[in-house]
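Below is one structure; the comments refer to it alone.
The values are calculated or read from the model by the stated rules, or taken from the named source; none is laboratory data. Note that the coordinates shown come from a computational prediction; the quantities given were computed from them, not determined experimentally. Here the Cβ is made from the backbone with ideal geometry for all residues, glycine too, and neighbour counts use every protein chain on show.
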């Protein structure tokens, strides 16, 4: 009798890998020292991060294709090593071209392959807890900076930025490669033996629909989901790139105090992925998304009208939790709509919504702030408008889904 795979071991291993590759979000700690050491301007250095982020959907789709073919272990392993090597080589870069190749291309592709392989494969092991599983996995990515930032800062002070990149990169490659050895491929239509009886009965009763990317693009719900994803991520990315300037220019914080709030935001982002993911298992993804959009709107109103430390704290925590929730809930939403078989490629395509917001949100926010002498209030109103549009789209999605379900039940 074949022994059942320990799905929790796969989950923990995936979290370990993404806690390594998620170190890209600690780049702000390394960018300044790298700029000073090499004589490059900050915009030139940050260009490496922009390339890394912009490439996101490409390796995710390619890695998703490999995962859908049953090669998630090898995709994850290759991505983990490629990321670590690219990160380490960044410390040896003596030209901007090398910087962009090592950090932008190599680390970017490695991160995408690892993320896609870990996420898409692991949540297939949790048909009864898709929201919780995707929340925990993405929490590994979101929480990486909380650990990486102080370590990087200490190493930079004692050994310099070049050695820091090399040593951390080697450590990431070794740790993530070791974790990838414990990755197992989820069997087709996997159902755990200890699955709750009611959940198992509901899963067995619910028809499994597996749509490939071409079929997904022909489904009207795809366009609602990708737009909802982009609009949900917009506010989180706005704050992620501007938390410190907002705290200093609008709430009178010192640079040191603002840095603490950046860490608070990262922690809230991490917790939000787990909390909202678990909530979506209880209430459903659409209802959870509606609640998150509503919280985003209310939180921005607090930032606009409550000009105090309490207001800023509520804003940072609320938006951090919701940004994390968006990243934790949408993977399972994609799987529920288009099935587990092609989840890797399908989610990689939907991730284009996130990447679009990652490119647009910081630029829009910076432009509005610059035009208003460092005041972000108008940018907050833009974020409220975006979140309101997302809330409306979610209501349309819910109505469309309910109607389709009613038709299916009538036919049955």
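A few notes on this one:
- Scan of region 367-399 for residues that are more than 23 Å from residue 327 (Cα to Cα) and in contact (Cβ under 8 Å) with a residue 40 or more places away in the chain, ordered by number: 369, 374, 375, 376, 377
- Matching entry among 78, 171 (being closer than 15 Å to residue 26 by Cβ, assigned by TED's automatic domain parsing to the domain that holds residue 14 and assigned to a helix (DSSP H, G or I)): 171
- Residue 209 fulfils the conditions (1) buried (at least 21 other Cβ atoms within 10 Å of the Cβ); (2) not in a helix (DSSP H, G or I) except for a single criterion, (1).
- Where helices (runs of 4 or more DSSP H) fall wholly inside region 1-75, the ranges with 2 or more residues that are within 22 Å of the chain's Cα centre (by Cα) and surrounded by fewer than 17 Cβ atoms within 10 Å (Cβ to Cβ) are 7-21, 42-54.
- The combined condition, being over 16 Å from the mean Cα position of the chain (by Cα) and either under 16 Å from residue 115 (Cα atoms) or surrounded by fewer than 24 Cβ atoms within 10 Å (Cβ to Cβ) (or both), is fulfilled by residue 337.
- Here the condition is being surrounded by 23 or more Cβ atoms within 10 Å (Cβ to Cβ) and either free of Cβ contacts under 8 Å to residues at least 24 places away in the same chain or within 16 Å of residue 353 (Cβ to Cβ) (or both); of 246, 225, 239, it holds for 225 alone.
- Condition check for residue 63: under 24 Å from residue 162 (Cα atoms) and in contact (Cβ under 8 Å) with a residue 24 or more places away in the chain: no
- Residue within region 272-281 that is over 20 Å from residue 140 (Cβ atoms) and either surrounded by fewer than 24 Cβ atoms within 10 Å (Cβ to Cβ) or more than 17 Å from the chain's Cα centre (by Cα) (or both) present: no
- Of all residues in region 356-385 being under 14 Å from the mean Cα position of the chain (by Cα) and modelled with pLDDT of 85 or more, the one that is surrounded by the most Cβ atoms within 10 Å (Cβ to Cβ): 357
- Tally, over region 83-94, of residues that are buried (at least 24 other Cβ atoms within 10 Å of the Cβ) and closer than 15 Å to residue 177 by Cα: 4
- Scanning region 135-165 for residues that are surrounded by fewer than 17 Cβ atoms within 10 Å (Cβ to Cβ) and touching a helix residue (DSSP H, G or I) at 6+ places or on another chain (Cβ under 6 Å) yields one hit, 153.
- Residue count for region 94-131, restricted to those that are over 30 Å from residue 191 (Cβ atoms) and either in a helix (DSSP H, G or I) or at pLDDT 95 or above (or both): 16
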